[in-house]
Amino acid sequence: MGSRLLILLLWTFWGCSPQLPALKDMAGTPLFRLQWQPIDSLNYQLPTHVRVFYGVDLEVPLRAWYVHIQPKQGRLPMRVLAAQDPEDRRETASQLASRTEACVLLNAGYFTMNKKPADHVGLLMTDGQIQWPATGLIEQNKIPYYVSRAAMGITAEGNAELAWATSDSSMIYRWSRPLPNFIGHASSKPKPKKSQRWRVGQAIGAGPMVVWDGKTIYTAMDELFWRTSIPNIHPRSAVGIKSDGSVVLMLVDGRQTVSRGVSLTELGDLMRSVGATQAMNLDGGGSSTLVVKGQLLNRPVGGTTQREVVSAIGAWCQ
């Protein structure tokens, strides 16, 4: 209790707006009462290893969707995708789904909005090739901070894993905990020998992590998101893993009269409510888009226009 109060006082002193969670959130008390229901009109078109659900809480108000993906013949039918447009390196979720024939597609990592072509911000690996390295060093107030940020990887055996990741030009390293950063106190440079080489062929970095060992956690400080708007209430995309190895892809609408969005710890609580024992936040805001069988399920910022993205997580039904 005392450490959380100290964090709040320091953040206030430094002029940040962290939207820190109430203590009960971190203790795991449910904040919402979403009655999750299967979307039968879609599920009858899908194989049994892919199921889609919808939940709403009219009092908050809040609405969300999630897709549960189970392994098929021992492998998850999932890949990390990179946009291919040669001019700006971006595609909408619907375009990516159509081009790759993915039956489920969710926007994934962060990217620059003011560059053409766009840069991916953080780890992006497709088909065994690192397209963009993990974010490794960030400067805040002239202080360099070494960081490890949450990432999802898919192994050659077709299993999904979550970890905190760093990388060099050819290898990805995984950490069981984020590098310890705090306001005014930077982690020392990470030593790869203290980590484990992450042998994955697909990977996407984003963060921060919101669920670990079945508990809602708050690593926005460690992962260096404290001087951004990311901890605030927003539309959200997220990926989580259940104890049986199956995957949850979640989309929470926001910035609408029918759905306000969620904070990071609220997102963690939602992911735990559907069984995720590990989960991380993906790029949210107006980029949050979930497409199933060519159908846009959510309403990005209240409409149907999709923002182009640089990366995505796809699943296949065949």
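Estimate the FRET efficiency between F182 and T112 by the formula 1/(1 + (r/R0)^6), using the beta-carbon distance for r and 22 Å for R0, to the nearest 0.05.
0.25
How do V50, V258 rank when sorted from fewest to most other Cβ atoms within 10 Å of their own Cβ?
Numbers: V50 22, V258 13.
Ordered by Cβ neighbours within 10 Å, fewest first: V258, V50.
Taking a point 7 angstrom from the Cα of Q37 along the C-beta vector, which residues in segment 43-62 have backbone N less than 11 Å away?
54-56
Fewest Cβ neighbours within 10 Å first, please rank R227, R174 accordingly. Present the calculation step by step, with values, prior to reporting the outcome.
Values: R227 16, R174 21.
Going from sparsest to densest Cβ surroundings: R227, R174.
From the square roots a ≥ b ≥ c of the eigenvalues of the alpha-carbon gyration tensor of segment 183-240, which class results: rounded (a/c under 1.5), prolate (a/b over b/c), or oblate? Provide the component values of the computation, followed by the final result.
Details: a/c = 1.90, a/b = 1.19, b/c = 1.60.
The shape class here is oblate.
Please list 3J(HN,Hα) in residue order for segment 116-132, calculated via the Karplus relation 6.51 cos²θ - 1.76 cosθ + 1.60 where θ = phi - 60°; whole Hz, with x for glycine and proline.
9, x, 6, 9, 7, 10, x, 4, 9, 10, 10, 6, x, 10, 6, 7, 9
For the chain, set up a GNM with springs between Cα atoms under 10 Å and report which of N159, N181, N114 has the largest fluctuation.
N114
Does segment 122-278 come out rounded, prolate or oblate, given a ≥ b ≥ c as the square roots of the eigenvalues of its C-alpha gyration tensor, rounded meaning a/c under 1.5 and, failing that, prolate meaning a/b above b/c? Working shown, then result.
On the way: a/c = 1.79, a/b = 1.14, b/c = 1.56.
Oblate is the answer for segment 122-278, as a/c is 1.5 or above yet b/c matches or exceeds a/b.
Mind sorting K142, K115 by how few other Cβ atoms lie within 10 Å of their own Cβ, fewest first?
Working: K142 5, K115 10.
Taking fewest neighbouring Cβ atoms as first place, the list is K142, K115.
For an R0 of 30 angstrom, estimate the FRET efficiency from the Cβ-Cβ distance between K194 and T155 and round to the nearest 0.05. The partial results should precede the final answer.
Working: r = 22 Å, r/R0 = 0.72.
E(calc), rounded to 0.05, equals 0.90.
Could you compute the FRET efficiency for D168 and I143, with r as their C-beta to C-beta distance and R0 at 30 Å, rounded to 0.05? Can you show the working numbers first?
Working: r = 23 Å, r/R0 = 0.76.
Efficiency, rounded to the nearest 0.05: 0.85.
Let me have the 222 nm mean residue ellipticity of the chain computed from DSSP H runs of 4+ only, each contributing -39500 (n - 2.57), with the sum over all residues rounded to the nearest 500. Mind dumping the intermediate values first?
Numbers: 5 runs with 39 residues, N = 318.
So the helix-based figure for the chain works out to -3000 deg cm²/dmol.
Just how far, in whole angstrom, is segment 245-318 from segment 187-218 if you go by their alpha carbon centroids?
Rounded to whole Å, the Cα centres lie 21 Å apart.
Between D119 and E101, with labels modelled 7 Å along Cα→Cβ, what's the label distance in nm to one decimal, could you check?
Result: 3.6 nm between the two label points.
Computed from the coordinates by the stated procedures, all read-outs in this text should not be read as laboratory data. What you see is a predicted model; the values in this text were computed from it and never measured. Here the Cβ is made from the backbone with ideal geometry for all residues, glycine too, and neighbour counts use every protein chain on show.
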